[in-house]
Amino acid sequence: ANYFLTLLLSVLPLSVVGREHGQASFNAASVGFFLISAVVWYPVQGMLFAVDTLCSHEFGRDKLSDGMGLILQRGLLVAWAALAIILAPLYLNLEAILSFFYEPRTAKLAAEFLVYCPLYLFSVTTFTAFMKFVSNQMLPSIPLVATAAGVAITPIIQKSLSKWGLRYVMLGMGIATFFQLMVVVSLTFSIQRMRKTFGSIRLFEALCWPDMKTFLKIAIPSSVFVAAEAGAFDATILLAATVGDEVGSAWSSLMNTEFLLVSLANGLSVASCAKVGSAVGSNQPVNVRTYAVAALLGAVGWSIFVNVPVILFYFDHMMAFFGASAEQIGGVKYIFLFTQLFESLEYTCQGIFSGANAYHLGTPLF
């Protein structure tokens, strides 16, 4: 549920663009959003999987250890630094870079859409770090409430801002994401156990090189792992957009729909990481296998018994949500019967590898 709501924070604004601003704007907004996702957000998100791995292991060893708070602070410093390093050159040369691949109109609209993307990226990065901190302590309800709050205000914000232009759609996304960040931080520190496991602010200790080196040994391979797996799908959207507005907007609609369908697998990824990592930390190898198999069976079951009927009977309605028509899609939905299953398994394996600190297995595969 948490990942489904998280996806809605981007899907809802993009759907507004598709329905109210037309194919050209939707194609450009998709180019902008999936460009920063593939080039900036996925590598940063992957680095935060080190927080998953280390926090889950620490929780397995000692459920009240303030070492988890130190891991969170180290993760935030690494993620913020990576975000600044990757985003700065891209942001300062957006239109020039986009013009190299796309026609001038699409490049200009995409660059306009991304004017306020730093607010969105900072908020979603910090929120994700806190989400991993609390989820690996078996409190997924905290980010769920925060994300629900962000989704709840999204239609109100977009109704007020989207009419002023594409850049304000992204501003609305940034405001909603920052709001959910404030909610998750407030809820986290309202719980005594969370305050204990966070401890004090220890930024200089978080920069201690031996511990930072250990963190980076996990963070860098996981960054490559996530960027390769998730970025491959976004790359297809960016390539389709070079063909034209109609093809680009139709393919973006398809991909956004598939992301919604596999949202449970994203949740299974987090859950399997937390449970597998906790079992590793408490030295329970039998439970590691049990949790991994249960997560994989859950992904297969959901894909077959829920996603397949949805695709067969409601796929055209989901396309219309983004302003796409059945004529544009053709028979592609039947291919999605298989791709959504494979992607669900990929996300679930991502969580299992993260909890087991086995990125060396997943990175070459993806």
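FYI, it's all coordinate maths here, none of it is from the lab. Computed from a predicted model, the values in this text were never measured in an experiment. Note that we place each Cβ from the backbone using ideal geometry, even for glycine, and neighbour counts take in every protein chain shown.
Compared with the dominant Cα axis of the chain, that is its longest principal axis, helix 117-135 is turned about 40°. Shown is the FRET efficiency for Asn287 and Leu90, computed with R0 = 56 Å from the Cβ-Cβ distance and rounded to the nearest 0.05: 0.85.
Between region 1-39 and region 291-310, how many Å separate their Cα centres? Result: 26 Å between the Cα centres. Just report the Cα centroid separation between region 144-161 and region 259-284, whole Å. Region 144-161 and region 259-284 have Cα centres spaced 26 Å from each other. When the Gaussian network model of the chain links Cα atoms closer than 10 Å, the mean-square fluctuations of Gln350, Gln284, Gln73 top out at Gln284. Counting only residues at least eight positions apart within a chain, or on another chain, the aspartates and glutamates with an alpha carbon under 18 Å from that of Lys159 are Glu20. Between Ala81 and Ile335, 0.36 nm times their residue separation minus their Cα-Cα distance comes to what? Additional length available on full extension: 87.5 nm. Using θ = phi - 60° in the Karplus curve 6.51 cos²θ - 1.76 cosθ + 1.60, the 3J(HN,Hα) couplings for region 103-112 round to 5, x, 5, 5, 4, 5, 5, 5, 5, 5 Hz; x is entered for Gly and Pro. Who wins for biggest fluctuation among Ala110, Ala88, Ala279 in a Gaussian network model of the chain, springs between alpha carbons below 10 Å? Highest fluctuation of the listed residues: Ala88. Our note on the geometry: Cα centres of region 118-139 and region 190-217, 15 Å apart.
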